[in-house]
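Undergrad: One structure is given below, represented as structure tokens, and several questions about it will come after.
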Amino acid sequence: MNDATLSVGSLHAEPGTKARGIVRADLGTLTADIPLTLVNGSRPGPRVVITAGVHGGEFTPIDAVVRLADLLEPGEVHGQVIICPVVNPPAVYEGRLNISPVDGVNLNRVFPGDPAGGPTERLAAWLFAHLIDGADVYVDLHCGGIDQVLSDFVGYRLTGDPDLDKTTAELAGSFGIEDVILGLKADGGNSHAAAARRGISAVLVEVGSLGQRDEPTALRRVDGLLTALRHLGVLDHEGSAPAPVRTWVWSAGVTAEATGLWYPEFSFDADIIGEVTEGDLLGRIVDPADGTEHTVRAPAGGRIFYGMHGLTVAPGAELAALAVPWDPDAAPSPDTLRTPGAGRGSDEAAPRP
């Protein structure tokens, strides 16, 4: 039997119970009310933390984890599950953008945070101290934001620890999503990268585009989470075999170098965003004042996994992210790849500064 109380701040769940509520995070100049569901199973098992709402404008992940929280029954759970549907309330409720309206900082660039820093850095530190650091497994849910088309994928980072990397690879393949993208090193301020550096099996799950909320996508996401929890032994197995996956590695991230109107050449259909070769035209940025055009070409070949859908861009805005099939026998050096995520746009991919 599990005899450990599950506690986050003032919220507590005894073994065999579920607790839902708000825990207040002190961010220095302000506070944030963090909604949580604690599911403390009646039997021993791993501690799994699932988050959504790191960014504003990503609605389906929030919907999905709320549905998951409703479904999980403590009597059926081995171990403990902590679900946080809105990690970043200022961005979700006020900004609806990747950056927080409080201080203009992208939360998913500053993990594990700084308890003496600005509000968003303090939020990252609070989340690590109260949720992530105690986890065996961490799942961070995202989708294409309100200005971004995206093809579904799971991402994780290689750490150099063969046991941890094998465990995380198996977890990444358990969600029923065909494409898995590796980050070749666990650097940067993304939540799953910072968790991986702490020895936690951590993945990023990306499903959905343009911030759209629809019930079929949310339910598909819940099904994937339930499958992953069965894989982890948190829920009883149903005997189904894992689906095959295709493994990729990032080959380039493309950012805007001018202010203007963005006219991409690739499709907005997330299922067929397209393949490009180095030098291919990705689109044009047009100055609305005088019509000057700045062409944007692919710095490397690969499949476009996400791309900018919005019309207006400024220097540093992410326009596209490219990946190529992973060949471990001809693996590129992490330092030679132009990886996504240096700009101010979507942050969902793998190795990021």
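Undergrad: Compute, for the stretch 175-240, the length of the dipole vector about the Cα centre, with Cβ point charges of +1 (Lys, Arg) and -1 (Asp, Glu) only. Units Debye, rounded to 20.
TA: Result for the stretch 175-240 is approximately 360 debye, rounded to the nearest 20.
Undergrad: Top to bottom by accessible area (1.4 Å), largest first, where do ASP33, ASP136 land?
TA: Per-residue accessible area, sorted high to low, gives ASP136, ASP33.
Undergrad: Further, regarding this structure: Once whole DSSP H runs in the chain are found, which of them have Cα atoms spread over 20 Å or more along the helix axis and a mean Kyte-Doolittle score of at least -0.5?
TA: 215-231
Undergrad: Between LEU30 and ALA314, what length comes free when the chain is fully extended (0.36 nm per residue of separation minus the Cα-Cα distance, one decimal in nm)?
TA: 99.2 nm
Undergrad: Here are labelled values, (1) 68, 49, 37; (2) 64, 46, 39; (3) 66, 45, 36, and one is the computed Cα extents along the principal axes in Å for what I pasted. Which one?
TA: Answer label, from the structure shown: (1).
Undergrad: Which percent, nearest 5, of DSSP beta bridges in the chain are antiparallel?
TA: In the chain, approximately 65 percent of DSSP beta bridges are antiparallel ones.
Undergrad: Let me spell out the model: positive unit charges on the Cβ of Lys and Arg, negative unit charges on the Cβ of Asp and Glu, origin at the Cα centre of the stretch 51-124. What dipole size does that give, in debye rounded to 20?
TA: About 180 debye.
Undergrad: Moving to a separate point now. Quickly work out the ALA289-to-ASP163 label distance, labels modelled 7 Å from Cα along the C-beta direction, and quote it in nm with one decimal.
TA: Between ASP163 and ALA289, the simple spin-label model gives 6.1 nm.
Undergrad: Ok, one more. To the nearest 500 deg cm²/dmol, what mean residue ellipticity at 222 nm is calculated for the chain from DSSP H runs of n ≥ 4 alone, each contributing -39,500 (n - 2.57), summed and divided by the residues?
TA: Helices in the chain give a 222 nm mean residue ellipticity of -5000 deg cm²/dmol.
Undergrad: Full-extension gain between ASP214 and ARG20, please, as 0.36 nm times their residue separation minus the C-alpha to C-alpha distance.
TA: 67.4 nm
Undergrad: Amide H to amide H, which residues 5 or more places from GLY145 or on other chains are under 5 Å from it, using H placed in the peptide plane?
TA: When sequence neighbours closer than 5 places are left aside, the close amide H contacts are LEU210, GLY211.
Undergrad: Let me ask something else. Report, for the stretch 13-150, the % of DSSP beta bridges that are antiparallel, rounded to 5.
TA: If I count the DSSP bridges inside the stretch 13-150, around 60 percent turn out antiparallel.
The values are calculated or read from the model by the stated rules, or taken from the named source; none is laboratory data. No experiment lies behind these values; they were computed from the predicted model shown. Cβ atoms come from the backbone with ideal geometry, glycine included; neighbour counts cover every protein chain shown. Ligands, DNA and RNA are excluded from the accessible area calculation, which covers all protein heavy atoms including side chains. Shrake-Rupley method; radii C 1.70, N 1.55, O 1.52, S 1.80 Å.
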